[in-house]
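See structure below.
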Amino acid sequence: MRNDSALIDTCFGQLKSHVTCASCGNESVTFDEYSSLSLPLPVRNLRSVAILLSPLPIGSAPVKLTLEVDVTMTMADLSTFLVKSLQSHKVLTVTTNEYDCNETAAVLNSPPPSGAHTDEAPYSPAAGMTSSSSSARSNRNARVFFHFSIIENRHPSCVARNYCRDDSKNISVCSFVGKGEILVAFQLQHAAPDIESQLSIRRPVVPAVRSPPATSHSSGDEVPVGTDRPIEYFAVDVCTGFRTIISSSSTVFSSSSSYERIDLVGHPTRITVQRNCTNRELLRSIYAVMRRYFREDSMCCKASDLQKLPYQVLVTNHNASIVKYTIDCDDDIFEIDNKQGKAVICVVWRRDSDDLDIDQIDYVRTIITSSDTSSLDSAGRKLSIYQCFDKFCEREQLADSETLLCSHCKQHLAPIKKMDIWSAPDILILHLKRFLYIPGQYVVRREKLNDMVDFPVDGLDLSRYVIGPQQSSSPPLYDLYAVSHHSGSMSGGHYTATCKNFFDLKWYVLSLHLPVHDDSHIVIVIGRYSFNDSSVAVVGPEHAVNSTAYVLFYQRRY
């Protein structure tokens, strides 16, 4: 017979994999053969990342926080992680905008799909989110939209570079944020394309108007009666600055002169602007951003006359060194060439303005985020091989970069994956996943996990992990007979092996000679040995169980 193989019967088992759609709950089950199991280590390799959050509503003070981020977390997963981390601080506002053209949107208050099982409670606006409307609490499409950018510690008042999902979604967060840089999370009121890619999607504006009543001549391609066409928005940065007059002294060849310079202060914010909006509508949005800078006794606290506000609104380059034009309070259509974020809106104040509360410009609210220290495993912590099996068999929500097309609902979403051991072979090979790969902008950075994993030399019991039919005469009980070790780091290391005798299962002194030309002179003494290149030594069972163990070889006990 085709499958009548002693090798397959002895060394191969079966895995049962479950892939569940996160939208409709449709589950796909497949069975796959395996000759070895790669067990993940239940450790979290975390790094501290400084984040400056610009929350809604528009004009709110920025929030500074530090989050412990897994080194393998990609930028595509940052939105959902940020929402989870800030649930208890009530600093995020839920929006019910349904036009989602941006991947960096975290869905809130969405009930689990029918038939889907999850260990995590769904997001709830009431449990750490504030809602911009009363209906947001019950709207399953409530979302939090983010844009991510980088500012430098030496120039914190303007954006240095932007995150574009088309180019950087698979880059780890730790690699995206460089030394001396701060990650900025702009919470947007509406979904908007990334700034880096806005020119590529410039298209005619489709205003949100009610469709005309249907007639007998209507074609099937027209929008149904009573439906709204989506409003399109784009994002633009708003910076704050002071106008400074610089005087130059006279020389023999030139007379004294002066020129104006704009010095940026505070931190940038980002707003969404409806395409084809007027300058007057834009200035009203700018006023909402600037309102917290006014003194309480200022007469400008009410935006009744946008022409009498104590600041000037300009369109400049990203650091305000070049002024392009002034935005007047009229009904002309606002246009901005925002390719790669090179044009921003700069609000220029006078330093001696009586309406300005200068302390508010640099005000940043700081919150302390508590890290889950119970889940942090340092290099000195001792793990159990059974914890590795638990990690292998747990349900896992795949990253947004690992989407699949559901055959039932036809949606491209990141599914929920689960692996089960259906059957175990007589010869069981376990691979401990000690090598970590961190995607970067240009290269993949690699690290090694040196955590100690404790595993039994005799009596590895997999009864609670093997879910398929089991024979009482041969339960999944295993004894160790060999271990492959790796010592060193990713840049250089060394492999050794520890093996056990098959005949009497006792420990013996080893005398092994390996002549170069005459193999008949090889003398093998039965026992448990440690093989290190040409060096062979007698060891005890404790030598096999250490932090260098990499591949474990087990045999079923009969």
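Packing order of peptides 454-462, 180-188, highest average first: 180-188, 454-462 (average count of other Cβ atoms within 10 Å over each peptide's residues). If you take all other residues with their beta carbon under 12 Å from the beta carbon of ILE327, and give Lys and Arg +1 and Asp and Glu -1, the sum is -2. Once backbone amide H atoms are built at 1.01 Å from N, LYS448 has LEU436, MET490 as its partners under 5 Å, excluding neighbours fewer than 5 places away on the same chain.
Highest mean packing comes first when the peptides 484-495, 463-474, 236-247 are listed by Cβ atoms within 10 Å, giving 236-247, 484-495, 463-474. Given their separation in residues at 0.36 nm each and the Cα-Cα distance between them, THR30 and VAL457 gain 150.5 nm when the chain is fully extended. For a straight C-alpha distance cut-off of 30 angstrom, the lysines reachable from LYS417 (same-chain residues fewer than eight places away being disregarded) are LYS16, LYS84, LYS169, LYS382, LYS391, LYS433, LYS448.
Between HIS412 and ALA50, what FRET efficiency follows from the Cβ-Cβ distance if R0 is 35 Å, with the result rounded to 0.05? Numbers along the way, then the final one.
Numbers: r = 33 Å, r/R0 = 0.95.
It comes out at approximately 0.60.
If you take every residue apart from LEU52 with its C-beta less than 13 Å away from the C-beta of LEU52, what net charge results, scoring Lys and Arg +1 and Asp and Glu -1? Cβ neighbours under 13 Å give a net charge of 0.
No value in this document is a laboratory result; all are computed from the given coordinates. Just so it is clear, the structure is predicted and the values come from calculations on it, not from any experiment. So basically every Cβ, Gly included, is an ideal-geometry build from the backbone, and we count neighbours across all protein chains shown.
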